[in-house]
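The values are calculated or read from the model by the stated rules, or taken from the named source; none is laboratory data. The model shown is predicted, which means the values in this text are computed figures rather than measured ones. Methodologically, a virtual Cβ is constructed for each residue, glycine included, from the backbone with ideal geometry; neighbour enumeration extends over all protein chains shown.
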Amino acid sequence: MRILVSFLLLVLIFGCWDVDNKNQNISAQDIGLLDSLALEKMIQQRSGKALLVNVWATWCVPCREEFPELVELARKFQNKDVEIVGISADFPDEIEKKVVPFLKEQKVNFPNYVQNFSRQEKFINMMNQEWSGALPATFIYDDTGRQRFFVVGKQTLEEFIKALDQLESQ
């Protein structure tokens with residue numbers, strides 16, 4: 001009986017540990033650097049899926065507050081024709097010390113990149129020429145790569161879902 005109880009305890013401990021830590025294996029190698037060519041390719045090559053891009057930074061308080069909503073959105077839309085991608089405005093040399101720990105803490109479940117543009121204005125203008133660069137910012141593209149939605153500021157899960165639902169009705 002003791003052996004059975006011990007075995008069940010071990011299964012429970014290791015089973016829970018695995019569930020709680022499955023996203024803890026993220027490393028700097030999992031975070032891609034995004035330049036203009038990679039960004040253009042991501043937007044244009046949609047394979048029949050819409051794209052929601054959220055630009056955030058580890059030092060941005062509203063971004064940090066909004067991030068759990070994105071994680072939940074990715075969970076809800078994992079089997080739908082929507083791809084969710086995060087782009088950090090942190091510097092590429094901050095991936096290991098700032099970006100990876102933040103993404104681990106958030107238990108991220110969607111791809112994330114760090115922008116790697118030599119000039120911030122080029123990145124901003126590629127995303128949307130009307131964007132000031134304020135964070136967080138969310139951009140939604142249809143399945144042809146055409147931008148259909150752009151908003152600056154912290155969004156709720158419901159606001160993200162509403163924007164994606166509106167995309168489907170267009």
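What the table below lists for this structure:
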quantity	calculated
Sole residue being touching a residue at least 12 places away in the same chain (Cβ under 8 Å) and within 17 Å of Ile43 (Cβ to Cβ), chosen from Ile87, Ile95	Ile87
Flag for Gln115 being over 22 Å from Glu40 (Cα atoms), of a type outside the set (Gly, Ala, Ser), surrounded by 20 or more Cβ atoms within 10 Å (Cβ to Cβ) and at pLDDT 95 or above	no
Enumerated strands (runs of 3 or more DSSP E) restricted to region 33-147, each holding at least 1 residues that are among the hydroxyl-bearing types (Ser, Thr, Tyr) and touching a strand residue (DSSP E or B) at 6+ places or on another chain (Cβ under 8 Å)	82-88, 112-115, 137-141
Some residue of region 147-165 being aromatic (Phe, Trp, Tyr), within 21 Å of Ala38 (Cα to Cα) and at pLDDT 95 or above	yes
Glu94 within 25 Å of Leu37 (Cβ to Cβ) and not β-branched (Val, Ile, Thr)	yes
Count of region 35-50 residues which are of a type outside the set (Asp, Glu), in contact with a Phe, Trp or Tyr (Cβ under 7 Å, 6 or more places away or on another chain) and under 13 Å from Tyr113 (Cβ atoms)	2
Residues located in region 34-60, provided they are in contact with a Lys or Arg (Cβ under 9 Å, 6 or more places away or on another chain) and surrounded by fewer than 17 Cβ atoms within 10 Å (Cβ to Cβ)	Ser36, Lys49, Trp59
Selection count, region 1-50, where residues are among the acidic types (Asp, Glu) and at pLDDT 50 or above	3
Residue in region 70-86 that is of a type in the set (S, T, N, Q) and under 20 Å from Trp131 (Cα atoms) present	no
